[in-house]
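So the structure is just underneath, and the comments pick up after that.
The values are calculated or read from the model by the stated rules, or taken from the named source; none is laboratory data. For clarity, every value in this text was computed on a predicted model and none was experimentally measured. We place every Cβ from the backbone using ideal geometry, glycine too, and count neighbours over all the protein chains shown. Heavy atoms of the whole protein, side chains included, go into the accessibility calculation; ligands, DNA and RNA do not. Shrake-Rupley method; radii C 1.70, N 1.55, O 1.52, S 1.80 Å.
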Amino acid sequence: MRPWLNHWRRRLARALLFRMVFGEPGRPHTRIAPSTCIEGEAGLQLADHVFIGQFNFIDAGAGLVIEEGVQITNFCSIVTHSTHNALRVNGRRFAEQGGQPPGYLKAPIRLGAYSFVGPHSLIEPGAVLGKGAVLCAYSQLRGSAPDFAIMAGQPARQVGDTRERDAALLARHPELREAYEAWAGRTP
(Lines give C-alpha, C1' and ligand atoms only; values in the text may rest on other atoms or scores of the structure.)
Protein backbone atom coordinates (compact mmCIF):
# COMPACT_ATOMS: atom_id res chain seq x y z
CA MET A 1 0.00 0.00 0.00
CA ARG A 2 2.79 2.44 0.93
CA PRO A 3 4.61 2.20 -2.45
CA TRP A 4 1.32 2.86 -4.22
CA LEU A 5 0.69 6.00 -2.11
CA ASN A 6 4.22 7.28 -2.71
CA HIS A 7 3.82 6.73 -6.45
CA TRP A 8 0.65 8.84 -6.54
CA ARG A 9 2.12 11.48 -4.22
CA ARG A 10 5.07 11.94 -6.59
CA ARG A 11 2.80 12.09 -9.65
CA LEU A 12 0.59 14.70 -7.98
CA ALA A 13 3.60 16.79 -6.91
CA ARG A 14 5.05 16.72 -10.44
CA ALA A 15 1.70 17.69 -11.95
CA LEU A 16 0.95 20.54 -9.58
CA LEU A 17 4.13 21.86 -8.01
CA PHE A 18 6.96 21.86 -10.53
CA ARG A 19 5.08 22.30 -13.76
CA MET A 20 6.32 25.06 -16.02
CA VAL A 21 3.77 27.86 -16.29
CA PHE A 22 3.62 29.87 -19.52
CA GLY A 23 2.97 33.57 -19.75
CA GLU A 24 3.93 36.35 -17.41
CA PRO A 25 1.74 39.48 -17.58
CA GLY A 26 2.53 41.19 -20.89
CA ARG A 27 5.03 38.46 -21.81
CA PRO A 28 3.02 35.52 -23.13
CA HIS A 29 6.03 33.49 -24.28
CA THR A 30 8.04 33.80 -21.07
CA ARG A 31 8.25 30.80 -18.73
CA ILE A 32 9.30 30.91 -15.09
CA ALA A 33 9.38 27.70 -13.07
CA PRO A 34 7.32 27.84 -9.89
CA SER A 35 10.28 26.65 -7.81
CA THR A 36 12.32 29.74 -8.72
CA CYS A 37 12.48 32.34 -5.94
CA ILE A 38 12.43 35.98 -7.07
CA GLU A 39 13.19 38.56 -4.36
CA GLY A 40 12.67 42.28 -5.01
CA GLU A 41 10.42 41.59 -7.97
CA ALA A 42 9.66 45.32 -8.36
CA GLY A 43 13.26 45.77 -9.60
CA LEU A 44 12.90 43.13 -12.33
CA GLN A 45 12.58 44.21 -15.95
CA LEU A 46 11.64 41.08 -17.86
CA ALA A 47 11.35 40.82 -21.64
CA ASP A 48 9.43 38.19 -23.61
CA HIS A 49 10.68 34.79 -24.82
CA VAL A 50 12.61 34.29 -21.56
CA PHE A 51 13.00 30.89 -19.91
CA ILE A 52 13.86 30.61 -16.20
CA GLY A 53 14.18 27.01 -15.03
CA GLN A 54 13.80 25.22 -11.71
CA PHE A 55 15.32 26.01 -8.30
CA ASN A 56 16.91 29.39 -9.03
CA PHE A 57 17.38 32.30 -6.62
CA ILE A 58 16.98 35.69 -8.28
CA ASP A 59 17.51 38.91 -6.31
CA ALA A 60 16.29 41.89 -8.32
CA GLY A 61 16.28 44.38 -5.43
CA ALA A 62 18.94 46.67 -6.93
CA GLY A 63 17.65 46.24 -10.50
CA LEU A 64 17.79 43.31 -12.86
CA VAL A 65 17.22 43.56 -16.62
CA ILE A 66 16.59 40.28 -18.43
CA GLU A 67 16.37 40.98 -22.15
CA GLU A 68 14.52 39.01 -24.82
CA GLY A 69 15.33 35.35 -25.37
CA VAL A 70 17.48 34.86 -22.26
CA GLN A 71 17.64 31.30 -20.91
CA ILE A 72 18.48 30.72 -17.25
CA THR A 73 18.76 27.00 -16.59
CA ASN A 74 18.49 25.41 -13.11
CA PHE A 75 20.11 25.98 -9.69
CA CYS A 76 21.44 29.46 -10.55
CA SER A 77 21.87 32.43 -8.22
CA ILE A 78 21.62 35.99 -9.50
CA VAL A 79 22.27 38.51 -6.73
CA THR A 80 22.19 42.32 -6.98
CA HIS A 81 23.59 42.75 -3.48
CA SER A 82 26.09 40.95 -1.28
CA THR A 83 26.86 41.38 2.41
CA HIS A 84 29.55 38.69 2.59
CA ASN A 85 32.60 40.99 2.47
CA ALA A 86 30.95 43.58 4.74
CA LEU A 87 30.03 40.97 7.32
CA ARG A 88 33.47 39.35 7.30
CA VAL A 89 35.35 42.66 7.57
CA ASN A 90 33.01 44.36 10.07
CA GLY A 91 32.34 41.31 12.24
CA ARG A 92 29.83 42.07 15.00
CA ARG A 93 29.87 45.77 14.08
CA PHE A 94 27.93 44.89 10.90
CA ALA A 95 24.60 44.59 12.72
CA GLU A 96 25.14 47.87 14.58
CA GLN A 97 25.97 49.99 11.52
CA GLY A 98 23.28 51.76 9.59
CA GLY A 99 23.22 52.17 5.84
CA GLN A 100 25.77 50.36 3.76
CA PRO A 101 28.92 49.44 5.71
CA PRO A 102 32.33 49.08 3.99
CA GLY A 103 32.38 45.99 1.79
CA TYR A 104 28.64 45.97 1.07
CA LEU A 105 27.97 45.46 -2.63
CA LYS A 106 24.76 46.58 -4.32
CA ALA A 107 24.51 47.10 -8.08
CA PRO A 108 22.11 46.28 -10.95
CA ILE A 109 22.64 43.35 -13.32
CA ARG A 110 21.86 43.08 -17.05
CA LEU A 111 21.51 39.86 -19.03
CA GLY A 112 21.74 40.63 -22.76
CA ALA A 113 19.36 39.37 -25.42
CA TYR A 114 19.58 35.67 -26.29
CA SER A 115 22.22 34.95 -23.66
CA PHE A 116 22.39 31.64 -21.77
CA VAL A 117 23.14 30.99 -18.10
CA GLY A 118 24.29 27.42 -17.43
CA PRO A 119 23.28 25.39 -14.37
CA HIS A 120 24.79 26.07 -10.94
CA SER A 121 26.09 29.50 -11.99
CA LEU A 122 26.44 32.63 -9.86
CA ILE A 123 26.02 36.15 -11.23
CA GLU A 124 27.33 38.80 -8.84
CA PRO A 125 26.23 42.42 -8.26
CA GLY A 126 26.98 44.78 -11.14
CA ALA A 127 27.56 42.01 -13.70
CA VAL A 128 26.66 42.38 -17.37
CA LEU A 129 26.29 39.36 -19.63
CA GLY A 130 26.44 40.57 -23.22
CA LYS A 131 23.93 39.66 -25.91
CA GLY A 132 24.33 36.19 -27.36
CA ALA A 133 26.80 35.24 -24.62
CA VAL A 134 27.00 31.88 -22.83
CA LEU A 135 27.86 31.52 -19.15
CA CYS A 136 28.94 27.90 -18.77
CA ALA A 137 27.80 25.61 -15.96
CA TYR A 138 29.34 26.19 -12.51
CA SER A 139 30.65 29.63 -13.52
CA GLN A 140 30.83 32.79 -11.44
CA LEU A 141 30.33 36.03 -13.38
CA ARG A 142 31.88 39.22 -11.99
CA GLY A 143 32.03 42.40 -14.04
CA SER A 144 31.20 42.38 -17.73
CA ALA A 145 31.17 39.66 -20.35
CA PRO A 146 31.31 40.94 -23.93
CA ASP A 147 28.62 40.25 -26.51
CA PHE A 148 28.85 36.70 -27.92
CA ALA A 149 31.43 35.59 -25.34
CA ILE A 150 31.59 32.05 -23.99
CA MET A 151 32.48 32.48 -20.32
CA ALA A 152 33.66 29.70 -17.99
CA GLY A 153 35.29 29.38 -14.60
CA GLN A 154 35.31 30.92 -11.15
CA PRO A 155 35.63 33.79 -11.77
CA ALA A 156 34.47 33.42 -15.36
CA ARG A 157 36.88 34.21 -18.17
CA GLN A 158 36.24 34.28 -21.90
CA VAL A 159 37.04 30.94 -23.50
CA GLY A 160 35.34 31.33 -26.86
CA ASP A 161 32.92 33.18 -29.13
CA THR A 162 29.38 31.97 -29.85
CA ARG A 163 29.48 33.43 -33.37
CA GLU A 164 31.83 30.62 -34.44
CA ARG A 165 29.20 28.01 -33.53
CA ASP A 166 26.45 30.19 -34.96
CA ALA A 167 28.30 30.50 -38.29
CA ALA A 168 28.46 26.71 -38.67
CA LEU A 169 24.72 26.39 -37.96
CA LEU A 170 23.87 29.25 -40.33
CA ALA A 171 25.97 27.62 -43.07
CA ARG A 172 23.77 24.50 -42.80
CA HIS A 173 20.57 26.57 -42.53
CA PRO A 174 20.98 29.79 -44.56
CA GLU A 175 17.24 30.44 -44.27
CA LEU A 176 17.85 31.41 -40.62
CA ARG A 177 20.38 34.17 -41.40
CA GLU A 178 17.79 36.96 -41.63
CA ALA A 179 16.23 36.09 -38.24
CA TYR A 180 19.68 35.80 -36.64
CA GLU A 181 20.93 39.10 -38.05
CA ALA A 182 17.75 40.85 -36.86
CA TRP A 183 19.00 40.66 -33.26
CA ALA A 184 22.72 39.88 -33.62
CA GLY A 185 23.64 42.25 -36.45
CA ARG A 186 25.44 41.38 -39.67
CA THR A 187 27.64 38.33 -39.66
CA PRO A 188 30.99 38.13 -41.47
Quiz item: At q = 0.14, 0.22 Å⁻¹, what base-10 log of I(q)/I(0) does the Debye formula yield for the range 74-188 when every alpha carbon is treated as an equal point scatterer in vacuo?
Solution: -0.65, -1.12
Quiz item: For the residue pair V159 and H49, what label-to-label distance in nm results when each label sits 7 Å from Cα along the Cα-to-beta-carbon direction?
Solution: 2.7 nm
Self-check item: V134 long-range amide H proximity, modeled H, under 5 Å
Solution: F116, A149, I150, M151
Quiz prompt | Inter-label distance for C37 and F75, nm, one decimal - labels placed 7 Å from Cα along Cα-to-Cβ | solution = 1.6 nm
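Would you mind working out the magnitude of the charge dipole of the chain relative to its Cα centre, with +1 at each Lys and Arg C-beta and -1 at each Asp and Glu C-beta, to the nearest 20 Debye? Before the final figure, lay out each step's value.
Numbers: 21 positive and 16 negative charges, 180 e Å.
Dipole magnitude for the chain comes out near 860 debye.
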Self-check item: Backbone HN-Hα couplings from phi across the range 160-169 [Karplus 6.51/-1.76/1.60, Hz, Gly and Pro as x]
Solution: x, 9, 5, 5, 5, 5, 4, 4, 5, 5
Quiz item: Of L135, L44, L169, which is the most mobile in a GNM of the chain whose springs link Cα atoms less than 10 angstrom apart?
Solution: L169
Quiz item: Within the range 42-69, whose backbone N sits under 15 Å from a point 7 Å along Cα→Cβ of H84?
Solution: 57, 59
Quiz item: What are the residues whose amide H is under 5 Å from the amide H of E39, where those residues sit 5 or more places off or on another chain and H is modelled from the backbone?
Solution: I58, D59, A60
Exercise. Using a Gaussian network model of the chain whose springs link C-alpha atoms within less than 10 Å, name the residue from V128, V65, V89 with the highest mean-square fluctuation.
Key: V89
Exercise. Report F94's accessible area, 1.4 Å probe, all protein chains in place, as a number in Å² to the nearest 10.
Key: 50 Å²
Quiz item: Summing -39500 (n - 2.57) over the DSSP H runs of n ≥ 4 in the chain and dividing by its residue number, what mean residue ellipticity at 222 nm do you reach, to the nearest 500 deg cm²/dmol?
Solution: -7000 deg cm²/dmol
Practice problem: Scan around S144 for amide H atoms under 5 Å from its own, H built in the peptide plane at 1.01 Å from N, and keep only partners 5 or more places away or cross-chain. | Solution: V128
Practice problem: Kindly list the residues of the range 33-74 that lie in the label zone of L169, defined by a backbone N under 19 Å from the point 7 Å along the Cα-to-C-beta vector. | Solution: 48-53, 67-74
